[in-house]
Each structure stands twice: as structure tokens, then as C-alpha cells.
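Beneath this line is the structure, given in C-alpha cells, with notes to follow.
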Amino acid sequence: MPHLKEEIKKIIKYFRNTHFPAAKYKQAGGTALNLPIDVRWNSLADCYESYLKNWHILAKVCSENITVFDVEICTKVQNLDLKTNVQNHLIKLQQICITLDKVQSEVCTIGEATEIWLNLLQSTKKIFNEFEIQCFKHRFDMAITPYHYLANLLDHRFRGQKLNQDQIEETLEYASSRYPEAMPFIIQYQARSSPFREYLFSTENIKNVSPISWWRSLQNSMNNVMFDLSMQVHTAVASSAGIERLFSTFGFIHSKVRNRLGIEKASKLVSIMKSLNSKNSE
């Protein structure tokens, strides 16, 4: 809904950049209004949230100063249909924002990302219209490949349970063509037959054992191709966001002023900074 975004941006820019309305808004107790940034994740949802949070103040200020404020802006603020559309759009955006935050985690693997995408696909059917669902499916097809399906299938927590039959067949055909020596083990894994005993799939093991540890415990029971494949799919992260955050931290440490650090010292400072940031985020 680009037109909805532009309408809210006009309102926010007016109250941020025009002196008298900004003063009246602040005097009435209004908090910061956020503008969406095209290159920043979730900023549109933040924009809508700040608008709805302060809508009653905006409406009050507009009604009290309608002869002084811009008539077009006052009309937009007092338009209840516009507010309802923003609320409905925000509900949809929040689902996507939660998904983005999960996928951009530094430890989110492609198998986990596939599960997150599949969960989002199910939730979109409840709140999205048909056109929006088709747009989402198109994006899903662009992002998810048979290798993602394979990673999800080989994750003992998911085992490809949310994949449909076509996706499973596509995954097995891909594995058969690329990793033929691993196929017997994949079939045994699906059947939960030796060496994949039933106790390996217990609730406790699913909750408390990571995929890497789970497959490493079976290293001596499979060939090198299967073991290497399991390590590859469970160490491939879903997003480059972690690397980008690392470069951002390095840029803060190795600045234009402090630019004579050695490699070892810079590495230690980056590690400390990332550790502090992770503790603060918790």
C-alpha cells in the first residue's frame, strides 16, 4: 500500500518539520514520530506504530488549531478510515517484522529459516487477501530452494513435516542428483530406521540437542558424504546480517581517528564490543 505510506509520511513530516505544529504537538505530550527508511528493516512498522500511538494527540491538536494548521493535514489526521487502514496494515507488517528479526539472527540456519517461512505462509492465509498471498508465494519461490528444503528435512527438530508432497519429492530428487551416496541414509532417516533409532527423536532430544550435535553423535554410523552434507546444511546461516553487523562494529572500532590498530588488537576489541552489544540486547 504505497499510497498509505505516503499519506502517513506527509502527516509526520508536517508535525516534525513545521515549527508551530511541532511546538503544539510537543506541548500536548506527543512522543517522537518515526519516518520510514527504505534501507532499514521494519522502519515502516515503527512509523505506523508511532503514528497510532500518538494519533489521539495529533487529532486533539488538529481540532484545537484547525484554523491555523494546514487543512489537508487536519483532514487526513481526522480521517478514521485512514487510521483503520493503518491499523490493519500494521497487523500484517508485524507478522513480517517478527519473521525478519528471526531470520536475521546470527545463528539462524537455512533449515530454521525455511521453517519460519512456512509458518509465515500459514499465518498469511488468515490475515492477507488473495493478491497479497500470491505476492508472498512469489517471494517465497524466489527465496527458498531445494537446498533449503533439504536443510529443513535433515533438521531433527522439523524433519520437513510442514513441507508438502511436491516439495518433499523435489528435495529428494535434488539430493539424489547431487548427493547420491547420501540417499540411503536420508531414506533411513525418514523411516527412523538404523542408525536413526527412535530415542534420537524423543521430545527431550528435539528440545535440548542442536542439529550439529545430533548429527555428530552419528558420525561413525554414516559415510563421509552424508556427514559432510549434514554439517554443511546446519552451519549455513540464512542471512548476511551477522556479517554486516560485524563490519559495522569493526567500523566503529577502527575509525578515521583510531586507525593504527593492529589486527590482533582490533579483533579483540571487536569481540568485546559484540559481546557487550549482545548483553545489552538481552
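Are any residues in the range 119-144 assigned to a loop (DSSP other than H, G, I, E, B) and not aromatic (F, W, Y), and if so, which ones?
Within the range 119-144, N129, I144 qualify.
Taking only the range 114-133 into account, find how many residues are modelled with pLDDT of 90 or more and more than 16 Å from the chain's Cα centre (by Cα).
Residues flagged as modelled with pLDDT of 90 or more and more than 16 Å from the chain's Cα centre (by Cα) within the range 114-133 amount to 0.
What number goes with the only condition from (1) part of a loop (DSSP other than H, G, I, E, B); (2) surrounded by fewer than 16 Cβ atoms within 10 Å (Cβ to Cβ); (3) not hydroxyl-bearing (S, T, Y) that Q190 does not pass?
(1)
Residues in the range 82-93 that are surrounded by 15 or more Cβ atoms within 10 Å (Cβ to Cβ) and polar (S, T, N, Q): how many?
The number of residues fulfilling the criteria is 1.
Might you let me know whether the range 132-153 holds any residue that is under 29 Å from T203 (Cα atoms) and out of contact with any Ser or Thr (no Cβ under 8 Å at 6 or more places or on another chain)?
Checked against the condition, which is being under 29 Å from T203 (Cα atoms) and out of contact with any Ser or Thr (no Cβ under 8 Å at 6 or more places or on another chain), the range 132-153 yields at least one hit.
Go through (1) more than 21 Å from V107 (Cβ to Cβ); (2) in contact (Cβ under 8 Å) with a residue 12 or more places away in the chain; (3) not assigned by the TED database to the domain that holds I144 and name the single condition K256 misses.
Status for K256: all satisfied but (2).
Matching residues to (1) among the basic types (K, R); (2) under 30 Å from L150 (Cβ atoms):
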position: K24; (1), (2): yes, no
position: D38; (1), (2): no, no
position: I73; (1), (2): no, no
position: K83; (1), (2): yes, no
position: N88; (1), (2): no, no
position: S105; (1), (2): no, yes
position: G111; (1), (2): no, yes
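Looking at F20, F69, F15 in this structure, which one is within 30 Å of I98 (Cα to Cα), among the aromatic types (F, W, Y) and more than 25 Å from the chain's Cα centre (by Cα)?
From the options F20, F69, F15, the qualifying one is F15.
Can you pull out every residue in the range 216-245 that is part of a helix (DSSP H, G or I), without any contact (Cβ under 8 Å) to a residue 60 or more places away in the chain and buried (at least 16 other Cβ atoms within 10 Å of the Cβ)?
M226, F227
Would you check if there is a residue in the range 161-178 being within 16 Å of the chain's Cα centre (by Cα), surrounded by fewer than 17 Cβ atoms within 10 Å (Cβ to Cβ) and either free of Cβ contacts under 8 Å to residues at least 40 places away in the same chain or not in a helix (DSSP H, G or I) (or both)?
The answer is no, given that none of the residues of the range 161-178 is within 16 Å of the chain's Cα centre (by Cα), surrounded by fewer than 17 Cβ atoms within 10 Å (Cβ to Cβ) and either free of Cβ contacts under 8 Å to residues at least 40 places away in the same chain or not in a helix (DSSP H, G or I) (or both).
Look at the range 40-66 and say how many of its residues are surrounded by 13 or more Cβ atoms within 10 Å (Cβ to Cβ) and more than 28 Å from the chain's Cα centre (by Cα).
8
Would you mind stating whether D101 is in a helix (DSSP H, G or I), closer than 24 Å to L121 by Cα and of a type in the set (D, E, K, R)?
Considered against the rule, which asks whether it is in a helix (DSSP H, G or I), closer than 24 Å to L121 by Cα and of a type in the set (D, E, K, R), D101 comes out as yes.
Looking at I116, I96, I57 in this structure, which one is assigned to a helix (DSSP H, G or I) and touching a Lys or Arg at 6+ places or on another chain (Cβ under 6 Å)?
I116 is the lone residue from the list that is assigned to a helix (DSSP H, G or I) and touching a Lys or Arg at 6+ places or on another chain (Cβ under 6 Å).
State all residues of the range 12-36 that are touching a Phe, Trp or Tyr at 6+ places or on another chain (Cβ under 7 Å) and either under 16 Å from N85 (Cβ atoms) or in contact (Cβ under 8 Å) with a residue 24 or more places away in the chain (or both); if no residue qualifies, say none. Explain how you work it out, then say what you get.
We begin by selecting, within the range 12-36, every residue touching a Phe, Trp or Tyr at 6+ places or on another chain (Cβ under 7 Å); these are 12, 15, 21-22, 25, 33.
I12, F15, P21, Y25 - these are the residues of the range 12-36 that are touching a Phe, Trp or Tyr at 6+ places or on another chain (Cβ under 7 Å) and either under 16 Å from N85 (Cβ atoms) or in contact (Cβ under 8 Å) with a residue 24 or more places away in the chain (or both).
For E106, indicate whether it is crowded, with 17+ Cβ neighbours inside 10 Å, touching a residue at least 60 places away in the same chain (Cβ under 8 Å) and acidic (D, E).
No.
The values are calculated or read from the model by the stated rules, or taken from the named source; none is laboratory data. All values reported here derive from a predicted model rather than from experimental measurement. Because the Cβ atoms are built from the backbone with ideal geometry, glycine has one as well, and the counts that use them run over all protein chains shown.
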